[in-house]
Structures are given as structure tokens and as C-alpha cells.
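Structure first, commentary second.
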């Protein structure tokens, strides 16, 4: 009994600093986790992003639609990226989004999720996994909802996503906290037009709050929804300079780690 009282007393005397120290170890022994995600399999990702990541020993997650042009024109580059530790994530086969119901005029009727069934989107996800396995030989990966949409017609397909992936990235903004965040609707911060300072401040916030921050990029240095290359590199430099405090990893590694260690 005395030992129990002594232990509790020491714990209380240690105060919040002790608690903060303990919390800092939840992300694979680091203060926070960062996942860098890149959508739509763009040339600029192969030309600008992967070399920048490799230079610093960082790994990212690239969400590839099966219809992406670079899967035909630059397949060997994607295969090389996967072999070097980058994740090739599933982004469906044809990048369907809700069109008419959400007034997105750019969505083609054939790929309007308003017109999809759960079976159709599930078949597309399975086909996407088959394609990606043919590229990288892997069976575990994550998914990114196209346009953040989680329904086909009016029916949720999240339960089907749970059967196929270790996690799924959404488009809601925010940090993700180890014990409470939804592995199948992971929050993000959009990087379009952001400065390196703005992005590093988000990481610093995640460090203070022992959280996971997920960045969503499209074009880095070109294409669309552009992030400037130098601003992107400033973020990478901060992550590289703080590897002892920040766990930067592909989404599949982070989600699998959380599933294993979250109680």
C-alpha cells in the first residue's frame, strides 16, 4: 500500500511536464507524426517531389487514379518510387466525384457518384488495388476519397473501404489525435498556395499537441492546385532537420502503427 501511495505521489509531483513527456512517445517515439500526400499521379510529382523527398530521406504517399496518364507513360518511375519506400495509394480507377448534386460542373456524367452504386465504387476500388499491386507487389495500402466524397448515390461506402484498406484520407481540415481520430476519414491541411512558414507552423502545432498532421498536395511547382517548389522544400527541410522529434512516414505505416498501438 505504501508503495502505491509513493508511486502516485511521485506521479503527481512530476506534474504536467511528466505527462507531456509521456505523450511525446506515442508517435513511434516522436512528438508528432507527419504524412505528406500527393494526389492524381502528376508529372511534377515525379519530377519535383520524389527527388526532393529522396534527397532528405523522407517518404510520401502518392494517391494514384487508375486512369492517370503517368501510369502509362512513366510506369517505371512509379515502380522505382515504390521500391524506394514511397506508398502508392488508391485513388479509385476513374476519380469519380459527386457532380450534379454538389454543382460540380466539371464532373462527367459517366463518373458522377450521384449515379454510382456501392457495388460499382467497390469494384473500382478492388480494380485499383489490383493495378497497384501489379506495380509495387504490395497488398497493404491506404485510400483517399475523391473530392472527399464517401457516398455512392445516397449510400455510404465507408464500410467497404474498411474491408480493403488500413486507413482512408478525407478532406476535412484539422489535426488528428492518436486515441480519437477516425482512421477512415483522416483530417488534412490543404497545401495549395501555402508558404513554407505556414506549413511548418502547422507541424509545430502538431508537435505541441502530440498530433498527426496530414498535408494534401497536388501540383508542386506546376500543373494545378499549385504549391511553390521552394515553399514545399522549406517544409521538407524542417522535417529533415527535426527527424529526432517528428515521425514523417507514408500513410500506410502510420495507420498500421496506430491500429497496433491504440487501445
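The values are calculated or read from the model by the stated rules, or taken from the named source; none is laboratory data. Since the structure is predicted, the reported quantities are computational estimates derived from the model, not experimental observations. All Cβ positions, glycine included, derive from the backbone under ideal geometry; neighbour counts span all protein chains shown.
A few remarks follow.
- Qualifying residue in region 25-34 (condition: touching a strand residue (DSSP E or B) at 6+ places or on another chain (Cβ under 6 Å), over 30 Å from residue 121 (Cβ atoms), modelled with pLDDT of 95 or more and surrounded by fewer than 14 Cβ atoms within 10 Å (Cβ to Cβ)): yes
- One residue stands out in region 180-192 among those that are in a loop (DSSP other than H, G, I, E, B) and in contact with a helix residue (DSSP H, G or I) (Cβ under 9 Å, 6 or more places away or on another chain): the one that is nearest to residue 160 (Cα to Cα), namely 184.
- Options 116, 72, 38, 63; residue that is modelled with pLDDT of 95 or more and surrounded by fewer than 20 Cβ atoms within 10 Å (Cβ to Cβ): 72
- Residue within region 90-100 that is on the phi > 0 side of the Ramachandran plot and buried (at least 19 other Cβ atoms within 10 Å of the Cβ) present: yes
- Scanning region 217-241 for residues that are more than 15 Å from residue 197 (Cα to Cα) and assigned to a loop (DSSP other than H, G, I, E, B) returns 218, 219, 221, 222, 223, 224, 225, 226.
- Any hit, region 247-257, residues being at pLDDT 95 or above and over 27 Å from residue 90 (Cβ atoms): no
- One residue alone among 64, 88, 113 is under 24 Å from the mean Cα position of the chain (by Cα) and touching a residue at least 60 places away in the same chain (Cβ under 8 Å), and that residue is 64.
- In region 183-199, of all residues being within 13 Å of the chain's Cα centre (by Cα) and closer than 18 Å to residue 210 by Cα, the one that is surrounded by the fewest Cβ atoms within 10 Å (Cβ to Cβ) corresponds to 189.
- Some residue of region 140-152 being exposed (fewer than 14 other Cβ atoms within 10 Å of the Cβ) and more than 19 Å from the chain's Cα centre (by Cα): no
- Residues in region 243-256 that are assigned to a helix (DSSP H, G or I) and within 21 Å of residue 56 (Cβ to Cβ): 251, 252, 253, 254.
- Hey, residue 90 touching a strand residue (DSSP E or B) at 6+ places or on another chain (Cβ under 7 Å), modelled with pLDDT of 95 or more and more than 29 Å from residue 152 (Cα to Cα) or not: no
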